[in-house]
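Notes follow the structure.
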Ligand SMILES: Cc1cc2nc3c(=O)[nH]c(=O)nc-3n(C[C@H](O)[C@H](O)[C@H](O)COP(=O)(O)OP(=O)(O)OC[C@H]3O[C@@H](n4cnc5c(N)ncnc54)[C@H](O)[C@@H]3O)c2cc1C
């Protein structure tokens, strides 16, 4: 069997995998990234469908000085072709729409005033939020909905915050742990800048991979890890199959971007101690999301930012990325991206019922939308290709019980973070642990 040796082997080229590879290369390690698919990026990539660049997952790209994702590109001097979102965030309830001020704060109070239609009631409720943000962070033993119900039963406040939780945190108001909601709000307060990848996510992932390759390391596609090698509690490398040839890659460190569950399957459950497995099984679910992509000459809505819905059954998010980046569609055409969540994030997912409800939501909110006439593509993301591998508030640690074996990606989201930024932060954390242990 052919053999090779690197300092660090990274399994998977998602955001977590490529960000950790970049940071380790930057520290001077030799790194090999192996990706089983023919393309890079995993759930942050692009499919070209008749000239439309459609995302395989994420659409909002964290951006700016305070983003760990953006920081990775600066470290590697890699091109970061992201255009800041043109619009802001718009909240829609059955009685109207609210656009928070672009700058200067006041967004949350304004949202509560909009939902209640009562300045005094909103101020009283806001005081509870302020205390939870500044003095007493609620524990994760109750859901955010339970926390909120102590202070208000106003249905529109619940509707508004259901839309917010589902769209921006990833699960519904009754599924987000109370503490995690407030940690997320604090993190959002530190940085809520986002952009859109001008030529699709794949360009960004290829840019990072190229910067890794330019420093003498390698990133290869169509290369699958078949097993992680563990001896005496320590990782030794992995077996990799590429072009039907099996190879042994020895490595001092193995970092898996395949998700904690798959990492265990690859390395063998017998190598993981009981407390780690118990943590994994305590809350084993991924977060589901339904992506409805509409291709049309006119955007479904002319608003250039993100619309968040609290007046719907399942629909929670709509953005037309081509209003910011026309490069994503053939000339004169648009992509409208919508995300929706099922009634419950716990499997089994009611696929047919959820899609039916999304279509009704779209028809009710957008009179110009006719499901039979529109060019509509529906993708249900769950199980092995979810929006996130674990529910926010229930992450696995990046470190595993097997020495020098780590996980990165959205199975290991640091508190208060989700999606791309969480993956980039998990990568930063692993690179720091490896550099401090060497
Ligand atoms: C519809 C949708 C919308 C989203 N919207 C947003 C958004 O707007 N903003 C945001 O920040 N986040 C968003 N997210 C979440 C974000 O896309 C993910 O959190 C992120 O992309 C996950 O990256 P990851 O590092 O966990 O790796 P993944 O994307 O899971 O990549 C892992 C890679 O590992 C490879 N792999 C697995 N097993 C092996 C093996 N044995 N050998 C070799 N390779 C292997 C896989 O093929 C894959 O390419 C969205 C997700 C979805 C699905």
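Coordinate-derived values only; no laboratory data. Predicted, not measured: the structure shown is a model, and the values here were computed from it. Note that we place each Cβ from the backbone using ideal geometry, even for glycine, and neighbour counts take in every protein chain shown.
The table below gives the values:
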read-out: 408, 176 arranged by Cβ crowding within 10 Å, fewest neighbours leading; value: 176, 408
read-out: Centroid-to-centroid separation of the range 18-63 and the range 78-103 [C-alpha atoms, Å]; value: 25
read-out: Residue with peak Gaussian network fluctuation, the chain [Cα springs, cutoff 10 Å], from 301, 118, 410; value: 118
read-out: The chain: angle of helix 119-134 to the longest principal axis, Cα-based, in degrees nearest 10; value: 20
read-out: Nearest-ten-degree value, helix 201-213 long axis tilted from longest Cα axis of the chain; value: 30
read-out: Within a Gaussian network of the chain (alpha carbon springs, distance under 10 Å), most fluctuating of 59, 49, 316; value: 49
read-out: Taking 13, 217 and counting other C-beta atoms within 10 Å, the order from fewest to most; value: 217, 13
read-out: Computed helical MRE - 222 nm, the chain, DSSP H runs ≥ 4 contributing -39500 (n - 2.57), nearest 500; value: -10000 deg cm²/dmol
read-out: Approximate spin-label separation residue 136-residue 5, in nm, with each point projected 7 Å along Cα-to-Cβ; value: 5.9
read-out: Inter-label distance for residue 275 and residue 102, nm, one decimal - labels placed 7 Å from Cα along Cα-to-Cβ; value: 5.1
read-out: Between 0 and 90°, nearest 10: helix 107-116 axis offset from the chain longest Cα axis; value: 40
read-out: Two-site FRET efficiency, residue 283 against residue 66, from Cβ-Cβ distance with R₀ of 51 Å, rounded to 0.05; value: 0.95
read-out: Order of 91, 73 under a 10 Å beta carbon neighbour criterion, fewest first; value: 73, 91
read-out: Cα-based equivalent ellipsoid of the range 104-190: semi-axis lengths in Å, sorted from largest, via gyration tensor; value: 18, 15, 13
read-out: Top of 239, 75, 208 by mean-square fluctuation, Gaussian network on the chain, Cα under 10 Å; value: 75
read-out: Extension gain, residue 191 back to residue 86 (0.36 nm per residue minus Cα-Cα distance, nm); value: 36.2 nm
read-out: Difference of contour (0.36 nm per residue) and Cα-Cα distance, residue 385 to residue 119; value: 91.5 nm
read-out: Extension gain, residue 221 back to residue 436 (0.36 nm per residue minus Cα-Cα distance, nm); value: 74.4 nm
read-out: Rounded, prolate or oblate (a/c below 1.5 giving rounded, otherwise prolate when a/b exceeds b/c) for the range 190-299 by Cα gyration tensor; value: oblate
